[in-house]
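No lab work stands behind these numbers, since they all come straight from the coordinates. For clarity, every value in this text was computed on a predicted model and none was experimentally measured. Note that we place each Cβ from the backbone using ideal geometry, even for glycine, and neighbour counts take in every protein chain shown.
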Amino acid sequence: MKFDEIKQTVDKCLEDLIASNNGNELNISRPEYVHKKDKTQAKFKIEHGKYFITDLIDHISGFFGDNYSISIHKTLMGYYSFSIQNKYSALYAEEGTHNFEMTFVSNDLFSNHDSPSSELVFEDMHKYSEHDMECMLAIIRKTALTNIEKKSDPINKISELGARIYGKEEQLSFDSLVGYEDIKQQVLTAIIHPFKHPELLKRLATQTGLKSLFPKAILFEGSPGTGKTTMARIISNNIEAPMIYVPIESIMSCWYGESEKRLAEIFSEASKLGKCMLFLDEIDALASSRDRNMHEATRRLLSVLLRQIQGFVLNEDVMVIGSTNRKDDLDNALLSRFGNNIITFRLPTKTEIAGIFNHYAKHLTKEDVKELASRSDNFSGRDIEEICKDATRMYATDIIKNNSTLGLPSYDYYLVALKKREHS
């Protein structure tokens, strides 16, 4: 196709898209055209971040099919280049796409956010074939109208930022966490009752002269595997509100200012959900003590975290829960945000350990469970669950190797798995 034909075809496509979108703004700009010698290029500004790359790959693959090979190159400057060539061009040159290129550029490449500077560039070193143009127009249509609603949906935005959202999980209840009756009572008093009976607490606060009985930020502290995350999900089920789980790796970035921006956006989007719970896991990695030569990037992130928690807790539809394995490492200013709302998840008692073994190995006798519990000093609930999984896997392997009849693993398998755990 000639240069003028390409311009007319693309412009007509955009006019049709605007008309079909009821005059609303598209997610793609009008292009900048470049024509030099044999190279024809069309540059579009688009409102997409790096996750758009996956959409592009899927769409290109679906459009061109098995007859075309797609190679992807990433440059040091942050360009993703997609080269599409006919696998059989040597045999059918007249039908082949010579070297149709698409490039995705974002100055915010390592961010999960939409970037206003992102570009989508189409170019061909020869003349655009009809097939090239069909693909280009298909991608323009997809890009221009890609889920405008999705951009304003906080759930999708939170997911794009790297957090996970847990909805209702029917199988989770207080019974899912064996023992810990003292901790369950603290959770009921500090979190669940205020959330489920806000009017009662408001009346009591007014009549007693208190400002508010609604819990501010809560801190779960304790050794790994003691049920902090599981309890948060149980709470989410009880108060019938989604839990936004924010793992540490979804926040941290090597780029200046990116971690703070990402954290602030997660808080901002969470506030749009209404009733919800935000669970910040391994909060000590985000905000260790300022007295220990804190890195400047960590200091900035801590400042954002403190401001966000302070503002977030004023919303009585939202609960902020932080989780840490090292409470003593936390900055004093951060600890003050939690006040007395700190719940300690200890290692299980012998009785609780026996209950956990019984929960994951229901077929064992009381004597077997009691003996295993007596050998499980300093094990967490997660450790015991892993012991039971390991024992069952070893038993399954023996069944496969010996072609034996399916039954249930004996006490000896659990003892072997326990001893392996002791030495790991």
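Amide hydrogen proximity for I165: with H placed 1.01 Å from N in the peptide plane, the residues at 5 or more positions away or on another chain lying under 5 Å are Y245. Does the range 314-424 classify as rounded, prolate or oblate by the C-alpha gyration tensor (a ≥ b ≥ c root eigenvalues; a/c under 1.5 gives rounded; else a/b over b/c gives prolate, otherwise oblate)? Verdict is prolate for the range 314-424. Close amide H partners of F345, meaning residues 5 or more places away or on another chain with modelled amide H under 5 Å apart, are E221, G222. Fewest neighbouring Cβ atoms within 10 Å first, the residues L306, L330 line up as L306, L330.
Pairs with C-alpha atoms separated by more than 30 Å, drawn from the list K202/K350; K211/K272; K196/K362, are K202/K350; K196/K362. Less than 5 angstrom separates the built amide H of G322 from those of I218, L219, F220, L280, all sequence-distant by 5 or more or on a different chain. Sequentially through the range 171-178, phi angles give Karplus couplings (6.51, -1.76, 1.60; θ = phi - 60°) of 7, 9, 8, 4, 5, 5, 10, 5 Hz, Gly and Pro residues having no value and appearing as x. Phi angles across the range 402-414 convert, under the Karplus curve 6.51 cos²θ - 1.76 cosθ + 1.60 with θ = phi - 60°, into 3J(HN,Hα) values of 9, 6, 8, 6, 5, x, 9, x, 7, 4, 4, 5, 5 Hz, Gly and Pro given as x. Give K370/K419; K389/K419; K157/K216 a once-over and call out the pairs whose C-alpha atoms are over 23 Å from each other. Beyond 23 Å between Cα atoms: K157/K216. Fully extending the segment from N156 to T349, taken as 0.36 nm per residue of separation minus the present Cα-Cα distance, adds 65.4 nm. Note: the range 355-415, Cα convex hull, 72 Å³ per residue. Quote the FRET efficiency, to the nearest 0.05, computed for E15 versus E169 with a Förster distance R0 of 45 Å and r equal to the Cβ-Cβ distance. After rounding, the FRET efficiency stands at 0.40. The calculated FRET efficiency for the pair K366 and N403, based on their C-beta separation and a Förster distance of 45 Å, comes to about 0.90.
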